[in-house]
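The values are calculated or read from the model by the stated rules, or taken from the named source; none is laboratory data. Source: prediction; values computed, not measured. Positions of Cβ are generated from backbone atoms using ideal geometry, with glycine treated the same way; all protein chains shown enter the neighbour counts.
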Amino acid sequence: MITAFQGGGTGYLAGADDTGVPIWQFTEAPRETVGRMLRGALHTVAVILLRRSVLADNPKLVAWLNDFGQKTTGKPHAILIIDLDGSRHSLATEVPTLSPIQALSQEQLGEYSVQSTVAALIALRQSIEVVSSGSTKLKPKLKLFVSHAKLDGVSLAKSLSVLIESLPGFASFYDAKDITPGLDFREVLQEGVENSVLIILRSGKFESRPWCLQEMRWAEEHTSPYMVVDLRHALIVPPAKAVFERAPTVWVPDGNQYRIIFMALRESLRSRLHVRIAEELVAKDVLGKRYEILIRQPSMSSLQFLLGRLGPGAPISIVYPDPPLTAADNDAAQAFVESLSAGSELTTPQTLAATALSGGAP
């Protein structure tokens, strides 16, 4: 689970970078009180790896967990209990504040070799959902949209969708399953892209399929998170018809589909953290009330769609993730924004925070 958030490591979840989410692990009651710990974070996900020895031999920890369960009720926090030896039946007497919370048994995590991987994916999913709570812009539930060319990507798409649906609490969007006869499939597809994380299966035929490219354009326009799975095997390929390098890319020569889900979750978490940081800057009056959020560094198409959708009006601040653009790219993007909406600006959270700390105007 630590590897899932902090990157590195080996195996199914190897190779990613650090999400920047602080991890705190303990086997005894922490010195920090529950209230003090919760005040230090806007959102918290507590993962409890439950064994009988935890309940029997750690009375101070049991008392701390009881306090934690009481203070997190109805708050923007989540608790994931993984029962490693059938101990959840003792929760009702030992930790009554946690006993109503549905625990996952070790058997629900699949085969032994992937149990730690599945547990980490569930923890990532819960983090995504809890960080979305209280947001005015984010929908709490996560859905994974598998975009593929049926000519050469359908086998992996079907297999991946089945795997996603088999994970506790996960859901996928798959056109053959989710578009019922009589519906406007263009409208359903666009809404699916807008409200999901797009998993792009970049097979050899992907860029020759108009609807595949359209789904990518929708992701850009709606600033939906997306990631790319590179499935191409040709020795020579033509120039790309879409901007794939704006998203993380994974390879699965070993057939590891968990790696695909892992990167999709991390991309979703990264983008949602950025949205919540921007909303918090608004709450603290560091960012003005008229603002828009981009979850990737701005492209001309995303800026044009965003400002075109807003139409004429007062200037706005467009907040994109750090690091800032290079000076040349920033000048070009800023000039483009000015041409579409006079007085509007491009900025990042760290730029806003630095300006506020230096006493400058937000």
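Can you pull out the residues in segment 300-346 that are in contact with a Phe, Trp or Tyr (Cβ under 8 Å, 6 or more places away or on another chain) and under 20 Å from Val286 (Cα atoms)?
Across segment 300-346, the qualifying residues are Ile316, Ser317, Ile318, Val319, Leu346.
Somewhere in segment 227-240, is a residue closer than 22 Å to Val131 by Cβ and not in a helix (DSSP H, G or I)? Break it down stepwise before answering.
Of segment 227-240, the ones closer than 22 Å to Val131 by Cβ are 227.
Next, from what is left, pick out any that are not in a helix (DSSP H, G or I): 227.
Scanning segment 227-240, I find at least one residue that is closer than 22 Å to Val131 by Cβ and not in a helix (DSSP H, G or I), so the answer is yes.
Going through Glu280, Glu292, Glu220 one at a time, which residue ends up being part of a strand (DSSP E or B) and within 21 Å of Pro324 (Cα to Cα)?
Numbers: Glu280 fails: part of a strand (DSSP E or B); Glu220 fails: part of a strand (DSSP E or B).
None of the other options fit; the residue is Glu292.
Could you please tell me which pairs satisfy a Cβ distance under 6 Å, a separation of 6+ or placement on different chains, a first residue in segment 336-347 that is under 12 Å from Phe305 (Cα atoms), and a second residue that is among the small types (Gly, Ala, Ser) and in a loop (DSSP other than H, G, I, E, B)?
Val337/Ser344
Please pick out the residue among Leu124, Leu55 that is in contact with an Asp or Glu (Cβ under 9 Å, 6 or more places away or on another chain) and among the hydrophobic types (A, V, I, L, M, F, W, C).
Details: Leu124 fails: in contact with an Asp or Glu (Cβ under 9 Å, 6 or more places away or on another chain).
From the options Leu124, Leu55, the qualifying one is Leu55.
So Ala332 fits all but one of (1) farther than 16 Å from Pro225 by Cβ; (2) part of a loop (DSSP other than H, G, I, E, B); what number is the exception?
Just one mismatch for Ala332, condition (2).
Within segment 1-95, considering only helices (runs of 4 or more DSSP H) that don't extend past its boundaries, which have at least 2 residues that are buried (at least 16 other Cβ atoms within 10 Å of the Cβ) and at pLDDT 90 or above? Lay out the reasoning, then the answer.
Numbers: elements: 2-6, 34-39, 52-57, 59-71, 91-94.
Output list reads 2-6, 59-71.
Testing Gln108 on (1) buried (at least 16 other Cβ atoms within 10 Å of the Cβ); (2) in contact (Cβ under 8 Å) with a residue 40 or more places away in the chain, one condition comes back false. Which one is that?
(1)
Only one residue in Ala176, Ala157 is at pLDDT below 80 and either surrounded by fewer than 17 Cβ atoms within 10 Å (Cβ to Cβ) or in a helix (DSSP H, G or I) (or both), so which one is that? Working first, answer last.
Details: Ala157 fails: at pLDDT below 80.
Of the residues listed, the single one that is at pLDDT below 80 and either surrounded by fewer than 17 Cβ atoms within 10 Å (Cβ to Cβ) or in a helix (DSSP H, G or I) (or both) is Ala176.
This table checks each residue for (1) under 19 Å from the mean Cα position of the chain (by Cα); (2) in the same structural domain as Met216 (by TED's automatic domain parsing).
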position: Trp251; (1), (2): no, yes
position: Ile277; (1), (2): yes, no
position: Gly288; (1), (2): no, no
position: Ile295; (1), (2): yes, no
position: Pro312; (1), (2): no, no
position: Ile316; (1), (2): no, no
position: Pro324; (1), (2): no, no
position: Ala335; (1), (2): no, no
position: Leu346; (1), (2): no, no
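Which of (1) farther than 27 Å from Arg272 by Cβ; (2) out of contact with any Asp or Glu (no Cβ under 6 Å at 6 or more places or on another chain) is the odd one out, the single condition Val62 does not satisfy?
(2)
Specify the residue that is nearest to the chain's Cα centre (by Cα); the eligible residues are those in segment 130-148 that are among the aliphatic types (A, V, I, L, M) and at pLDDT below 90. Outline the logic, then answer.
Quick first cut of segment 130-148, residues among the aliphatic types (A, V, I, L, M) only: 130-131, 138, 142, 144, 146.
Checking which are at pLDDT below 90 leaves us with 138, 142.
On the way: Leu138: 11, Leu142: 8 Å.
So, considering only residues that are among the aliphatic types (A, V, I, L, M) and at pLDDT below 90, the one nearest to the chain's Cα centre (by Cα) is Leu142.
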